[in-house]
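See structure below.
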Amino acid sequence: MSNILIIDDEKAIRKTLGEILSYEGYKIEEAMDGEEGLKKFKEKPFDVVLCDIKMPKIDGIEFLEKAREINTDVPIIMISGHGNIETAVEAVKKGAFDYISKPPDLNRLLITIRNAMDKTSLVTETKVLKRKVSKVQEIIGDAAPIQRIKDTIDKVAPTEARVLITGENGVGKELVARWLHEKSNRASGPLVEVNCAAIPGELIESELFGHEKGSFTSAIKQRIGKFEQAQGGTLFLDEIGDMSLSAQAKVLRALQEAKITRVGGDKEISVDVRVIAATNKDLLKEVEEKNFRLDLYHRLSVILIHVPSLNERRDDIPLLTDKFLEDICADYGIAKKAIDKEALDELKNYNWSGNIRELRNVVERLVILSGKTITREDVVNNVVPRR
């Protein structure tokens, strides 16, 4: 349900507009002047604001200016019984979505509000899409291990060396792989990702190398595999410790000879691909248990990058939290929420078994369930208790 704030010093106007808009399915809040309206605007998110111009304390134009400083995305519709063309032009110049004279025409008012809602949705959607198609997000952190990772990426990315990234689930191994590609000479080529743990063992070879039509029952047409899709770019094999031994043998051959053969085919296809792999397993232990090929391990681990757990870099939690607050609040189309020191201390003391992925989920939960400022009590009440 969309939230609308009505600011007007005339109680009858507030009551009438509130009843009409409530009937239309909107959730309404009222303020009797610009000062009270500004206080409510700061405290919680609104989808649209209806604001009178002539009011005591803070008038509509002053409210408009201050509100734009807080959040430029919320449409503010100015209403006034003392209006003229000059007033309307001034309001629009200062950022008002529209200007409506009193008494407002009901149909025009509802259409204007609907258009304002559409604008809010488009602004939010655009921000989300821009972030999705934007460059790789920054590796956040000042901890010594993170600085070493950044330095290693700068040195290794321009080379053709294969890289094995290790670390627990949720620490950001994929982000490291993306930066290795982004800073490489292959950045203009594709980055193709394969989650080896998510593909059944009997399908992994077809996924990686492709297959010819009729090579097995469901192969109704030829399929191009990930190695070919990554031609001229980078192939990221995530959770490679879960790959079957037969697929490992073919990957080893592809690395040795820079050639692949599709499942069901006999033609050798040359591939120009840089392989980056990642795992949350101890591959040398997997080698001892006959689950992973030692020769493949050595082929993949020309450069080893270990990404530390969040528990090993707790001093980075404030930086990460601030970044997540900024991104998540932008996704929700609301002003960035603050978080007090005690709340951050509580987050720093938490056992992050799910690492950065878990921290982001927790921050999103706090954004949804907390007020304007996230407090220690919010963290205690809404973060899963320590086990």
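Taken together, the values in this text are just the output of simple stated rules run on the coordinates, not laboratory data. As the structure is a computational prediction, the values presented were derived from the model and not from experiment. Cβ: placed from backbone, ideal geometry, glycine included. Neighbour counts: every protein chain shown.
How high is the relative contact order of the chain, given as a whole-number percent (alpha carbon pairs under 8 Å, six or more residues apart)?
Rounded, it is 14 percent for the chain.
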> Out of residues 5 or more away from GLU193 or on other chains, whose amide H comes under 5 Å of its own, with H placed 1.01 Å from N in the peptide plane?
Replying inline: PHE236
> Which residues in segment 60-81 place their backbone N less than 19 Å from a point set 7 Å from the Cα of LYS93 along the Cα-to-Cβ direction?
Replying inline: 60-69, 76-80
> Which of the GluC sites (Glu not before Pro) found in segment 199-276 are in a DSSP loop and have at most 12 neighbouring Cβ atoms, other than their own, within 10 Å?
Replying inline: GLU202
> Simple spin-label model, 7 Å along Cα-to-Cβ: ARG162 to ILE368 in nm?
Replying inline: 4.2
>> Taking amide H atoms as placed 1.01 Å from N in the peptide plane, list the residues 5 or more away in sequence, or in a different chain, whose amide H sits under 5 Å from that of ILE339.
In response: ILE374
> Where does the chain land at 222 nm, in deg cm²/dmol rounded to the nearest 500, when only DSSP H runs of n ≥ 4 count, each adding -39500 (n - 2.57), divided by all residues?
Replying inline: -14000 deg cm²/dmol
>> Please compute the Kirkwood hydrodynamic radius of segment 245-331 from all pairs of different C-alpha atoms, in Å with one decimal.
In response: 16.5
> For ASP315 and GLN222, what does the FRET efficiency come to when R0 = 45 Å and r is the distance between their Cβ atoms, rounded to the nearest 0.05?
Replying inline: 0.30
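Taking the Cβ of VAL287 as the centre, find all other residues whose Cβ is under 10 Å away and add up their charges (Lys, Arg: +1; Asp, Glu: -1).
In short, -2.
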> Regarding the chain, what are the three Cα extents along the principal axes, ordered largest first, in Å?
Replying inline: 82, 50, 36
>> Taking 0.36 nm per residue of sequence separation and subtracting the Cα-Cα distance, how much length would be gained by fully extending the chain between ASN115 and LYS66, in nm to one decimal?
In response: 15.4 nm
>> Below 8 Å, C-alpha to C-alpha, sequence gap of six or more: please give me the relative contact order for segment 3-133 in percent.
In response: 20
> With +1 on each Lys and Arg Cβ and -1 on each Asp and Glu Cβ, how big is the dipole of the chain about its Cα centre, in debye rounded to the nearest 20?
Replying inline: 860
>> Test of understanding: what is the full-extension gain from ALA258 to GLN229, defined as 0.36 nm times their sequence separation minus their Cα-Cα distance?
In response: 9.0 nm
> Taking the Cβ-Cβ separation of ALA143 and HIS298 as r and a Förster radius of 35 Å, what is the calculated FRET efficiency to the nearest 0.05?
Replying inline: 0.75
> In the Gaussian network model of the chain, springs joining C-alpha atoms below 10 Å, which of VAL171, VAL263, VAL363 carries the largest mean-square fluctuation?
Replying inline: VAL263
> Relative to the Cα centre, what is the charge dipole magnitude of segment 144-308, using +1 at the beta carbon of each Lys and Arg, -1 at the beta carbon of each Asp and Glu, and rounding to the nearest 20 debye?
Replying inline: 340
> Under 21 Å Cα-Cα from LYS155, which lysines qualify once same-chain neighbours fewer than 8 residues away are excluded?
Replying inline: LYS135, LYS173, LYS183
> Which residue, ARG376, ARG357, ARG114, has the most motion in a Gaussian network model of the chain that connects Cα atoms within less than 10 Å?
Replying inline: ARG114
>> My understanding is that a pair violates if its Cα-Cα distance is over 30 Å; which of LYS66/LYS348; LYS119/LYS226; LYS27/LYS102 do that in this structure?
In response: LYS66/LYS348; LYS119/LYS226
> Once both axes come from the Cα atoms, what is the angle between helix 245-257 and the longest principal axis of the chain, in degrees from 0 to 90, rounded to 10?
Replying inline: 80
